[in-house]
Amino acid sequence: MKVFFDNCTSPTLATTVDGFVQHYGHSASHIKDLPCGRNAKDVEWIKMLGEDKSETWIIVTGDTRIQKNPAERAAFRQAHLRGFVLAPAYQKTPLNQQASFLLWRWPDIEQFVKLTSAPFLFEVPMSKSSRIKQLPL
């Protein structure tokens, strides 16, 4: 499994998650480290990840436009990707706390990936007690 962090997330968050998931045989990377580069439009990286059938890609973003923009939504669904949107509160939270909450929820994220068929989009709340909720896609 590979975890992809887009431009709406910090490269440091991607590196932190990568350090955590490596012992499970997974990896995490930020868009800046991929061939498409940081300047790629959402539809471009969605298509690129969808074409890579060698891995299960998990998308982590802070951008709900994937759900709302018709072109991005269609591309995401066609690519059969699995996505997790960080709740808006993540943007206002110090990076160390963002990483802490995301890693706290990581077992839940893995469970959703195992139990839910792609494509899907879930919102990860900035709370340990709130439930991860499915977003319409």
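The values are calculated or read from the model by the stated rules, or taken from the named source; none is laboratory data. Because the structure is predicted, anything quoted here is derived from the model rather than measured. In this analysis, Cβ positions are derived from the backbone assuming ideal geometry, glycine residues included, and neighbour counts consider all displayed protein chains.
Among the residues of this structure, ARG82 counts as one that is among the basic types (Lys, Arg), in contact with a Leu (Cβ under 9 Å, 6 or more places away or on another chain), in contact (Cβ under 8 Å) with a residue 24 or more places away in the chain and buried (at least 19 other Cβ atoms within 10 Å of the Cβ).
Within the range 3-48, the only residue that satisfies the criterion of being basic (Lys, Arg) and crowded, with 16+ Cβ neighbours inside 10 Å is LYS47. Return yes when VAL124 is among the aliphatic types (A, V, I, L, M) and under 13 Å from the mean Cα position of the chain (by Cα) and no when it is not. The answer is yes for VAL124.
Any residue that is touching a His at 6+ places or on another chain (Cβ under 6 Å) and either on the phi < 0 side of the Ramachandran plot or in a helix (DSSP H, G or I) (or both) - is there at least one of those in the range 108-118? Checked the range 108-118: at least one residue is touching a His at 6+ places or on another chain (Cβ under 6 Å) and either on the phi < 0 side of the Ramachandran plot or in a helix (DSSP H, G or I) (or both).
Taken together, the criteria place LEU95 among residues that are touching a Ser or Thr at 6+ places or on another chain (Cβ under 8 Å) and surrounded by fewer than 16 Cβ atoms within 10 Å (Cβ to Cβ).
If you check PHE84, PHE122, which single one turns out to be over 14 Å from LYS2 (Cβ atoms), at pLDDT 95 or above and in a strand (DSSP E or B)? When all the criteria are applied, what remains is PHE122.
Restricting the first member to the range 104-115 and to residues that are within 15 Å of SER129 (Cβ to Cβ), and the second to residues that are assigned to a loop (DSSP other than H, G, I, E, B), the beta-carbon pairs closer than 6 Å and six or more apart or on different chains are TRP104/LYS128; ASP108/ILE132. Of the strands (runs of 3 or more DSSP E) that lie entirely inside the range 1-80, not one contains 2 or more residues that are farther than 26 Å from THR93 by Cα.
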